[in-house]
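*Asks:* Just passing along the structure, written as structure tokens.
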Amino acid sequence: MNERVNILGVEVDAVTMAQAVKKIESLIAEKKSSIVATANAEMLMMSTHDEELKKILNSAALVVPDGAGTVWAAHHLGFDMPERVAGADLVQEIMKIAPSKDIKIFLFGSAPGVADKAKLKAEELYPGIKIVGTRNGYFSADDEAEILAQIKNSRADVLLAALGVPKQEKWLFAHKDELKIPVSIGVGGTLDVMAGVVKRAPLWMQKAKLEWLYRAMLQPSRAGRLTALPKFVLKVHASKK
Ligand code: UDP
């Protein structure tokens, strides 16, 4: 087993992308309703004042270091953290092996139509992939039973939930025993990116660790969230012994 690094009270797995994918394959084989989380700086900051989210993350089967901030924090605290494992990239890696390993995937979340577009994109990129269901992420409590039945009956191996943080983590945790899906992953804006609704930063910006800046420029409504980053840096530094 790999090391886990405690960042602001959350145990993050020090894994490479390849190790994360292998771990997910073994969780699928175990069939135990496992939750996988992708922890970026914003999520780790949120968990410092959201005990429920922190508990869910610490009970997850795998927490990957999503984002330059998480990798920086581990290094700053003196631990190894091999590389960034971005949620959007992890989803692509899972989809890439899905046809040959017969991994069935359900896409849940985002605005109406987005998951269907992401399904078409996945089918174009990964011929033979089985996207066994889609459902948008805007629903009321009355719709919940029907959504649960739809996901359960799809017999998916992997449920990708794009409801935003922390809604997706809390929803997956609350329903995991009922759903009995081997692996559920909160994937934030990934379906939007796949559907082409939101673009990812150009590669040079990703490499320069500036993806957060690009997202804020593109969606100014997100800019307010950027204040979490300097706060995260200060908090991690303060937690250093
Ligand atoms: N979303 C949803 N239901 C909600 C709230 C949000 O399906 O009740 C979707 C939203 O349309 C978007 C995703 O959740 O596709 C959240 O994306 P964001 O980039 O904000 O992800 P985060 O930064 O929270 O990971």
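*Asks:* Would you pull out the residues with amide H under 5 Å of Val12's amide H, same chain only if 5 or more places away, H placed 1.01 Å from N?
*Replies:* HN-HN under 5 Å from Val12: Val5, Asn6, Ile7.
*Asks:* Could you calculate the FRET efficiency of Gln206 with Glu30 from 1/(1 + (r/R0)^6), where r is the beta carbon distance between them and R0 is 35 Å, rounded to 0.05?
*Replies:* Calculated transfer efficiency: 0.60.
*Asks:* Given R₀ = 25 Å, FRET efficiency for Arg225-His76 by Cβ-Cβ distance, to 0.05?
*Replies:* Values: r = 21 Å, r/R0 = 0.85.
The pair Arg225/His76 has a calculated efficiency of 0.75.
*Asks:* Which longest uninterrupted range of the chain lacks any chymotrypsin sites (Phe, Trp or Tyr not before Pro) assigned by DSSP to a loop state (not H, G, I, E or B) and surrounded by at most 16 other Cβ atoms within 10 Å? Display every interim value, and only then the final one.
*Replies:* Values: sites that count: Phe79, Tyr138, Phe139.
Here the longest run is 140-241.
*Asks:* Considering only DSSP beta bridges where both residues belong to the chain, give the percentage that are antiparallel (nearest 5).
*Replies:* 15 percent
*Asks:* Another question about this same structure. Kindly sort His237, His76 by accessible area of their heavy atoms, largest first, with the probe set to 1.4 Å.
*Replies:* Values: His237 110, His76 45 Å².
Highest to lowest solvent-accessible surface, that is His237, His76.
*Asks:* With θ set to phi - 60°, apply the Karplus curve 6.51 cos²θ - 1.76 cosθ + 1.60 along segment 18-26 and write out the HN-Hα couplings as whole Hz, x wherever there is a Gly or Pro.
*Replies:* Calculated HN-Hα couplings, in order: 4, 5, 4, 5, 4, 4, 5, 4, 6 Hz.
*Asks:* Per residue, how much accessible area does the chain have with a 1.4 Å probe, in Å²?
*Replies:* 48 Å²
*Asks:* What is the spin-label model distance, in nm, from Val197 to Asn58 if the labels are put 7 Å beyond Cα along the C-beta direction?
*Replies:* With each label point 7 Å from Cα toward Cβ, the separation is 3.4 nm.
*Asks:* What does the C-alpha gyration tensor say about the overall shape of segment 71-116? Classify as rounded when a/c is under 1.5, otherwise prolate if a/b is larger than b/c, or oblate.
*Replies:* oblate
*Asks:* Using the Cα centre as the reference, give the magnitude of the dipole from point charges on the C-beta atoms of segment 27-108 (Lys, Arg: +1; Asp, Glu: -1; all else neutral), rounded to the nearest 20 debye.
*Replies:* Numbers: 8 positive and 11 negative charges, 68 e Å.
Here segment 27-108 has a charge dipole of around 320 debye.
*Asks:* A further question follows. In the neighborhood of Ala37, defined by Cβ-to-Cβ distances under 10 Å, what is the net charge if each Lys or Arg adds +1 and each Asp or Glu adds -1?
*Replies:* It works out to a net charge of -3.
*Asks:* Residues in segment 179-198, backbone N under 16 Å from the label point at Ile97 (7 Å along the Cα-to-beta-carbon vector): list them, ranges by number please.
*Replies:* 182-185
*Asks:* In whole percent, how big is the carbon plus sulfur part of the accessible area of the chain, probe 1.4 Å, protein atoms only? Before the final figure, lay out the partial values.
*Replies:* Numbers: 6450 of 11540 Å².
Looking at the chain in its full context, I get 56 percent from C and S.
*Asks:* While we're on this one: How much net charge surrounds Leu90 when only other residues with a Cβ under 14 Å from its Cβ are counted (Lys, Arg +1; Asp, Glu -1)?
*Replies:* -1
*Asks:* Same structure, new question: Are there trypsin sites (Lys or Arg not before Pro) in segment 6-95 that DSSP marks as loop and that have at most 14 other Cβ atoms within 10 Å, and which are they?
*Replies:* Passing both the DSSP loop test and the Cβ count: Lys31, Lys32.
*Asks:* Oh, and also: What lysines does Lys241 reach when the alpha-carbon gap must be under 22 Å and sequence neighbours fewer than 8 apart in one chain are set aside?
*Replies:* Lys54, Lys231
The values are calculated or read from the model by the stated rules, or taken from the named source; none is laboratory data. Predicted model, so just to flag it, every value in this text is computed and none were measured. In this analysis, Cβ positions are derived from the backbone assuming ideal geometry, glycine residues included, and neighbour counts consider all displayed protein chains. Ligands, DNA and RNA are excluded from the accessible area calculation, which covers all protein heavy atoms including side chains. Shrake-Rupley method; radii C 1.70, N 1.55, O 1.52, S 1.80 Å.
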